[in-house]
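The values are calculated or read from the model by the stated rules, or taken from the named source; none is laboratory data. Small disclaimer: the values here were computed from a predicted structure and weren't measured. Virtual Cβ from ideal backbone geometry, glycine too; neighbours counted across all protein chains shown. Protein only, heavy atoms only, side chains kept; ligands, DNA and RNA dropped before computing areas. Shrake-Rupley method; radii C 1.70, N 1.55, O 1.52, S 1.80 Å.
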Amino acid sequence: MNTFGSKVDARALGKVAVLMGGASAERDVSLMSGRGVLQALRSRGVDAHAFDPAHNDLGELKRGGYDRCFIALHGRHGEDGTVQGALELLGIPYTGPGVMASSMSMDKIMTKRIWRAEGLPTPDWRLVASGEETALALQALGAPMIVKPAREGSTLGLSKVTSPEQCEQAYLLASKYDPEVLCEQFIEGDETTCPVLGEGAGAYALPVIRIVAPQGNYDYQNKYFTDDTKYHCPSGLPEVEEREIQRLVVQAFRSLGCRGWARADIMIRASDRKPFLLEINTSPGMTGHSLVPMSARAVGISYEDLCVGVLATATLDTPPGSTLIPTQSQPQEAIAP
């Protein structure tokens, strides 16, 4: 039985803002996540309050005396380093990875470049700027091919193309969400996901979840609004494959400098059972259909303990108590007139 979050003193967490909603394309999912987190924290005696950055200035967090933030925002301005940077300036600890790790992880192209440099397996890709370049990418990568925005989540703007005639429409759809469009080699096989908790050498993977979506289409609708997708946890994979996926996701998490929590998506190629890292989510969903709570339950971590445990990891890139401003006793550099 994992004791993550179960022994945290709720009173020691102080006044907490659950950041939810926001202005991204994933606003509706974020609101669902945030409401679930808020209810869970309150049920454990945490002084938690809803805070929607789309309707409230972040400066109100400082004026309101908040001690820490649980980031339940998804997508742009929520898990891309921007709100993390604002909270750094305000000096309010927050959940999840820091500014740089969040920014790199949100950018699928930067993530893949880092993983490739670290020797971690990820599908081949091309960055494209037009329908014509998308068609050329299809020639290079082969069909079928995935076309998606470089900095968006929840499969928004994603298409699976099998012919040159589909490339223009796929590019236009993806470019509605982001000017940078990623074409990625499609990996045929088992779709899996695996959460990671902790930081640095102490980071560890939770159980792997195997996802079986209708016609293999794990899109936005099948993720959040239907019960047709099947989730297997335990995954039913051979133990050697489960362990390899867990090893890979922890390496992927560390390579990007992540901390707190995240969830990585992996495809297992059917032809040779080789796993490929697709992307990493640094502010995972916490809805009724979400996968981190499902994986946590498999090792005895309740939804409430998961929320409290993640909240307890809230921190800043700049260590508490340190100062970036020279004191009067410290010599200051002369500023030329």
Looking only at segment 83-106, count how many residues are under 14 Å from the mean Cα position of the chain (by Cα) and more than 19 Å from Trp261 (Cβ to Cβ). 0
Residue that is modelled with the lowest pLDDT, among those in segment 222-240 that are open to solvent by 30 Å² or more (accessible area, probe 1.4 Å) and closer than 26 Å to Lys112 by Cβ: Tyr224
Residue by residue through segment 244-295, note down the ones that are among the β-branched types (Val, Ile, Thr) and more than 15 Å from the chain's Cα centre (by Cα). Ile245, Ile268
Subset of segment 298-312, residues over 19 Å from the mean Cα position of the chain (by Cα) and open to solvent by less than 10 Å² (accessible area, probe 1.4 Å), comes to Ile301
Flag for Gly78 being at positive phi, open to solvent by less than 70 Å² (accessible area, probe 1.4 Å) and either in a loop (DSSP other than H, G, I, E, B) or touching a Gly at 6+ places or on another chain (Cβ under 9 Å) (or both): no
Given the conditions (1) in contact (Cβ under 8 Å) with a residue 60 or more places away in the chain; (2) in a loop (DSSP other than H, G, I, E, B), which single one is not true for Glu88? (2)
Residue satisfying condition, being at pLDDT 95 or above and more than 27 Å from Thr111 (Cβ to Cβ), within set Gly21, Gly34, Gly81, Gly64: Gly64
Can you pull out the residues in segment 121-155 that are in contact with a Gly (Cβ under 8 Å, 6 or more places away or on another chain) and either farther than 26 Å from Val250 by Cβ or among the polar types (S, T, N, Q) (or both)? Pro149, Ser154
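The rows are residues; the columns are (1) among the small types (Gly, Ala, Ser); (2) within 19 Å of Gln84 (Cβ to Cβ).
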| residue | (1), (2) |
| --- | --- |
| Pro234 | no, no |
| Pro238 | no, no |
| Phe253 | no, yes |
| Ser271 | yes, no |
| Leu277 | no, no |
| Leu291 | no, no |
Filtering segment 249-277 down to residues that are β-branched (Val, Ile, Thr) and touching a residue at least 60 places away in the same chain (Cβ under 8 Å), which residue is surrounded by the fewest Cβ atoms within 10 Å (Cβ to Cβ)? Ile268
Meets criteria (of a type in the set (Lys, Arg) and farther than 19 Å from Ser283 by Cα) for Arg126: yes
Looking at segment 148-174 only, could you name the residues that are surrounded by fewer than 19 Cβ atoms within 10 Å (Cβ to Cβ) and part of a helix (DSSP H, G or I)? Pro164, Glu165, Glu168, Gln169, Leu172, Leu173
Could we say that Ser30 is part of a loop (DSSP other than H, G, I, E, B) and either open to solvent by 70 Å² or more (accessible area, probe 1.4 Å) or not aliphatic (A, V, I, L, M) (or both) here? no
Are there any pairs, at least 6 apart or on different chains, whose C-beta atoms fall under 7 Å, with the first in segment 231-248 and in the same structural domain as Arg210 (by the TED database) and the second among the basic types (Lys, Arg), and if so, which? His232/Arg210; Ser235/Arg210; Gly236/Arg210; Leu237/Arg210; Glu241/Arg273
Restricting to segment 175-189, name every residue that is open to solvent by less than 50 Å² (accessible area, probe 1.4 Å) and in contact (Cβ under 8 Å) with a residue 60 or more places away in the chain. Leu182, Glu184, Ile187, Gly189
